[in-house]
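The values are calculated or read from the model by the stated rules, or taken from the named source; none is laboratory data. The structure presented is a predicted model; accordingly, all values stated were derived computationally and were not measured. When we count neighbours, we look across all protein chains shown, and the Cβ atoms used for this are built from the backbone with ideal geometry, even at glycine. Heavy atoms of the whole protein, side chains included, go into the accessibility calculation; ligands, DNA and RNA do not. Shrake-Rupley method; radii C 1.70, N 1.55, O 1.52, S 1.80 Å.
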Amino acid sequence: MNQANELPIDQDIAPPSPELVRQALQSVVSSVAFQASPRLQQFITYVVEETLAGRGAQIRGKAIAVEVYGRSIDGTGGRNLVRVEARRLRRLLHEFYEDQWNGKGVRIFVDPGGYKPRFSQKNTTAYDTSEVPSSDVLAEHPRLRKLLPLGLGCLVLIAGLGFWLAQDSNVVLPPTQSLGQAERAALGEQSLTRLQAANLADQARGMFFPVFDVKRQQIALGMFQHATELDSALSDGYAGSAQVLATLAILSPDTAQRDDLISKASEMSGRALDLSPTDAWANGANGWVLAAQNNPVEAKKYARMSVELAPNDGHILDLVGITAILANAPELAAEVSNPERLRSGSGRFGARNIWGVSQLMLGNYEKVVEAFQGAPAAGAPVSAPSLLFQAVAQDQLGHSKEAQRLVTEMRKTWPEFPSEFLAGRIFHNDDTTRQAILDTLARY
């Protein structure tokens with residue numbers, strides 16, 4: 001049996017460092033199985049980060065239902081979903097460590113009966129003869145010594161044949177790793193610390209949605225700031241910090257706090273651009289900051305520049321999409337969130353919502369309903385804004401009963417959601433959409 005399954009619970013005297021835990025988390029979420037299950041990526045990221053933040057004892061099924069799956073706290077449906085998903089998570093973790101782990105570093109457990117993860121690190125200081133080649137093996141087996149030259153000759157022949165076939169063939173073989181993996185391999189050759197910082201920033205940017213989740217944004221901000229501490233010359237941490245600070249500024253009802261957050265966001269985006277002026281994320285984050293500063297013309301300029309630099313990057317497209325919404329450019333928002341557009345990377349759930357909002361701004365109400373009604377089936381979270389936008393579209397279509405149901409559900413599930421405030425903040429450059437939202441809230 002694979003030794004990954006034989007690690008004792010109390011193997012370490014001291015718990016592994018947060019840096020090593022985050023490295024292990026990155027290995028898990030970037031694996032093929034977890035890439036195909038984005039919601040489980042969010043599940044394990046949430047419980048690990050909550051534990052590292054010292055809140056592991058407070059992790060409950062209902063919290064995961066709300067934070068990860070956008071479900072209501074009331075009732076048992078959300079918690080039942082979390083229990084089912086937790087079983088899937090444990091199975092994928094088992095398969096990952098069974099098939100891909102080399103037995104070194106930190107292993108993450110989510111034991112049955114709870115959701116707080118446990119971390120175990122194999123002790124690698126002891127002498128391990130399984131990894132040290134013995135100089136006596138050939139001496140004790142003279143026949144192996146005689147066969148060694150023949151074996152090496154066969155390997156050379158096979159390698160030469162493979163090289164000749166590769167040179168002679170017109171067929172282009174697919175790459176064995178993605179561009180992102182290749183970039184990280186190159187970073188690893190340059191600096192393991194830089195690789196760790198880049199991995200942490202990449203992991204944090206996958207937490208951008210739901211945008212209106214302040215707690216989630218604060219967790220992401222801490223991860224971005226840690227990335228800048230690990231490597232102050234890498235632009236990713238600054239771009240991510242700028243992105244989150246601008247988001248928190250938009251969500252803040254306090255004018256002085258908002259101005260302070262915008263100032264910090266502008267500083268971070270400036271540092272990101274200074275370090276990497278041609279980086280798509282740095283340009284996209286700057287566009288988002290400018291939109292939060294109510295400078296729509298400059299915001300759209302940087303947003304379009306970032307799309308030109310990374311036309312298929314899911315996170316960049318989502319960042320540009322919400323920038324376009326804030327800057328009252330629904331055509332650009334629709335362009336980058338179009339369901340038929342090729343996307344890659346960490347952008348997963350934002351595109352559908354951005355597409356729905358762009359169609360609301362353009363007056364295509366049937367498409368709004370189609371976009372948001374299909375969200376749960378696609379694995380995207382249901383949130384207060386998604387219910388609100390559906391209600392507005394249904395109201396504009398004359399479906400008063402359905403609009404009433406959606407507004408009632410939103411107010412029951414998210415009673416503290418500041419609908420009127422956010423309508424004014426997000427659509428302050430779009431009088432028509434803002435007024436339609438306010439009218440719907442007043443009518444129902």
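Structure values in brief
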| read-out | value |
| --- | --- |
| Elements of type helices (runs of 4 or more DSSP H) in the stretch 360-444, at least 2 residues being loosely packed, with under 15 Cβ neighbours inside 10 Å and basic (Lys, Arg) | 400-413 |
| Subset of the stretch 223-235 that is of a type in the set (Ser, Thr, Tyr) and open to solvent by 20 Å² or more (accessible area, probe 1.4 Å) - its residue that is nearest to Glu49 (Cα to Cα) | Thr228 |
| So Pro16, is it open to solvent by 10 Å² or more (accessible area, probe 1.4 Å), at pLDDT 85 or above and under 13 Å from Ser120 (Cα atoms) | yes |
| Pick from the stretch 31-50, criterion out of contact with any helix residue (DSSP H, G or I) (no Cβ under 8 Å at 6 or more places or on another chain) and free of Cβ contacts under 8 Å to residues at least 40 places away in the same chain, ranking: most open to solvent (accessible area, probe 1.4 Å) | Val32 |
| Residue match in the stretch 60-74 (condition: open to solvent by less than 40 Å² (accessible area, probe 1.4 Å), assigned to a strand (DSSP E or B) and of a type in the set (A, V, I, L, M, F, W, C)) | no |
| Check on Gly287, at pLDDT 95 or above, over 23 Å from Ala423 (Cα atoms) and either not aliphatic (A, V, I, L, M) or not in a helix (DSSP H, G or I) (or both) | no |
| Neighbours by Cβ (under 6 Å, 6+ apart or cross-chain): first from the stretch 414-442, touching a residue at least 40 places away in the same chain (Cβ under 8 Å); second open to solvent by 50 Å² or more (accessible area, probe 1.4 Å) and not in a helix (DSSP H, G or I) | Asn429/Asn328; Asp430/Asn328 |
| Residue in the stretch 331-342 that is farther than 25 Å from Phe427 by Cα, crowded, with 19+ Cβ neighbours inside 10 Å, in contact with a helix residue (DSSP H, G or I) (Cβ under 9 Å, 6 or more places away or on another chain) and without any contact (Cβ under 8 Å) to a residue 60 or more places away in the chain present | no |
| Among the candidates Ala57, Ala24, Ala53, residue that is farther than 21 Å from Gly113 by Cβ and open to solvent by 40 Å² or more (accessible area, probe 1.4 Å) | Ala53 |
| Residues of the stretch 208-219 satisfying the condition of being within 20 Å of Gly314 (Cα to Cα) and open to solvent by 10 Å² or more (accessible area, probe 1.4 Å) | Phe209, Pro210, Val211, Phe212, Asp213, Arg216 |
| Selection within the stretch 77-121 - farther than 18 Å from Val48 by Cβ and crowded, with 19+ Cβ neighbours inside 10 Å | Gly78 |
| Residues satisfying the stated conditions in the stretch 248-264, i.e. surrounded by fewer than 19 Cβ atoms within 10 Å (Cβ to Cβ) and closer than 19 Å to Trp281 by Cβ | Lys264 |
| Some residue of the stretch 245-256 being free of Cβ contacts under 8 Å to residues at least 40 places away in the same chain, in contact with a Ser or Thr (Cβ under 6 Å, 6 or more places away or on another chain) and in a helix (DSSP H, G or I) | no |
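Yes/no per residue for (1) farther than 27 Å from Gly70 by Cβ; (2) in contact with a strand residue (DSSP E or B) (Cβ under 9 Å, 6 or more places away or on another chain); (3) modelled with pLDDT under 95; (4) open to solvent by 10 Å² or more (accessible area, probe 1.4 Å):
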site: Leu221; (1), (2), (3), (4): no, no, yes, yes
site: Gly237; (1), (2), (3), (4): yes, no, no, no
site: Ala242; (1), (2), (3), (4): no, no, no, no
site: Ala246; (1), (2), (3), (4): no, no, no, no
site: Ser266; (1), (2), (3), (4): yes, no, no, yes
site: Asp313; (1), (2), (3), (4): no, yes, yes, yes
site: Ala324; (1), (2), (3), (4): no, no, no, no
